[in-house]
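No value in this document is a laboratory result; all are computed from the given coordinates. Model, not experiment: these values are computed from the prediction. Cβ atoms come from the backbone with ideal geometry, glycine included; neighbour counts cover every protein chain shown.
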């Protein structure tokens, strides 16, 4: 069996765009007629440029190869151009292609991917959700309203979720870490208080920050949140400074989580070795794929750390996360995004029921792709999947991070 053909589909979820502005889906075919699907979570260049990177990685390292030889293909891509170091765009391209190889292998053997990873250890996978506006909420006002957040949290908990994530501390700025404004700290405390009052002990609070703060600023904010016992303090400072993140972890009595912007076991091991985090959040469409994420989980076991695969993308990456999650003993939970478009794109192949995901028993990733639907929603814009704010922190009127999908202006 050999890999013969590649097709790339860049699809845009309908407004307001939960999961990012677009998703890069890859479809691989073998000479035996088996098709596999993957998703590339790479957003540092636009989709036109990323398409060229994906094609180059496939043509250079994978075309004509047996899809079983994932380790060989990984080493080719990782070492390409005399680098032998993590490269965000190259590994983002390879990750989606690697996921598609696993989908092919599972279909060829008529087994789910997790059965090829050592078998299933988790019959149910705890899901968590980001807090999104309810239909009657004002889309722009939601992100700075503790009352709306509490209402959305209670709705999620009543649907079975036992963990909910939110990030009111904004802004998400390209300037690196900043000191949070006092308004931002007060708003963050108000969010935690309102949500905790609404859900009680029925759910864990997951506090996100997207790497916005200086070390001192993250400590100042984190200590203010401690009375509400969040389960994690997500990426409190930029991801390129694990020594500094370790200082935050030592000073704040909330577990630190990180990983959505890291790639390969090299970067995750550094975070563990430095004591920067005890919860790892690999995005499988960026971290190196399923096999690399399995290695990351194994390394995490040695450090008594847990895994919580990240998802701010489409449902193919979600399906890969679920296959990994079913096979690892140190799973904490999996992020999920429930929208009609996510569900329709995989023909309802994955569902959250009472706050948990049941790993599918069908071969491969366990999903079918509605290819016509994906192609009917092409991405025609010029923005990146997610974009950083250029303006600095607003210490006069306050800040807002609108969940990656700004309201129309």
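Using a simple spin-label model with pseudo-atoms 7 Å out from Cα toward Cβ, residue 49 and residue 384 lie 0.9 nm apart. Using a simple spin-label model with pseudo-atoms 7 Å out from Cα toward Cβ, residue 299 and residue 274 lie 1.3 nm apart. Seen against the Cα atoms of the chain and their longest principal axis, helix 315-327 is set at about 90 degrees. Ranked for footprinting exposure by Cβ neighbours inside 10 Å, fewest first, 121, 164 give 121, 164. Out of all DSSP beta bridges with both ends in the chain, state the antiparallel percent to the nearest 5. Once the DSSP bridges in the chain are tallied, antiparallel ones form about 45 percent. Take residue 1, project a point 7 Å from its Cα along the Cβ direction, then tell me which residues of the stretch 103-121 have their backbone nitrogen under 17 Å from it. The answer is 103-119, whose backbone nitrogens lie closer than 17 Å to the label point. For the chain, the longest principal axis of the C-alpha atoms and the axis of helix 215-225 are separated by about 70°. How large is log10 I(q)/I(0) at q = 0.16, 0.17, 0.18 Å⁻¹ when the Debye formula is applied to the Cα atoms of the stretch 209-285, each weighted equally and without solvent? Here the Debye-derived log intensity ratios amount to -0.48, -0.54, -0.61. Measuring r between the beta carbons of residue 354 and residue 201 and using R0 = 22 Å, the FRET efficiency lands at 0.80. Determine, from the Cβ-Cβ distance of residue 155 and residue 31 and an R0 of 51 Å, the FRET efficiency 1/(1 + (r/R0)^6), rounded to the nearest 0.05. Working from the Cβ atoms, E equals 0.55.
Let a ≥ b ≥ c be the square roots of the eigenvalues of the Cα gyration tensor of the stretch 61-118; is it rounded (a/c under 1.5), or, if not, prolate (a/b larger than b/c) or oblate? Prolate is the answer for the stretch 61-118, as a/c is 1.5 or above and a/b outweighs b/c. GNM on the chain, C-alpha springs below 10 Å: top fluctuator among 372, 93, 271? Checking each option, the largest mean-square fluctuation is seen for 372.
Run the numbers for residue 361 and residue 15: contour at 0.36 nm per residue of separation, minus the present Cα-Cα distance, in nm. Please list the in-between numbers first.
Details: separation 346, 0.36 × 346 = 124.56 nm, distance 3.22 nm.
Taking 0.36 nm per residue and subtracting the Cα distance, the gain is 121.3 nm.
Springs join every pair of Cα atoms under 10 Å in this Gaussian network model of the chain, and among 285, 398, 314 the largest mean-square fluctuation is at 398.
Would you work out if the chain is rounded, prolate or oblate? Take a ≥ b ≥ c from the square roots of the eigenvalues of the alpha-carbon gyration tensor; rounded if a/c is under 1.5, else prolate when a/b is larger than b/c, oblate otherwise. Verdict is prolate for the chain. Axis of helix 47-61 versus longest Cα principal axis of the chain: the two differ by about 40°, to the nearest ten degrees. Could you identify which residue out of 129, 35, 397 has the top mean-square fluctuation in a GNM of the chain using Cα springs shorter than 10 Å? Checking each option, the largest mean-square fluctuation is seen for 397. Restricting the calculation to Cα atoms, the stretch 142-293 shows an Rg/Rh of 0.97 when the hydrodynamic-style radius is the Kirkwood one.
Projecting label points 7 angstrom from Cα along Cα→Cβ for residue 175 and residue 141 puts them 2.9 nm apart.
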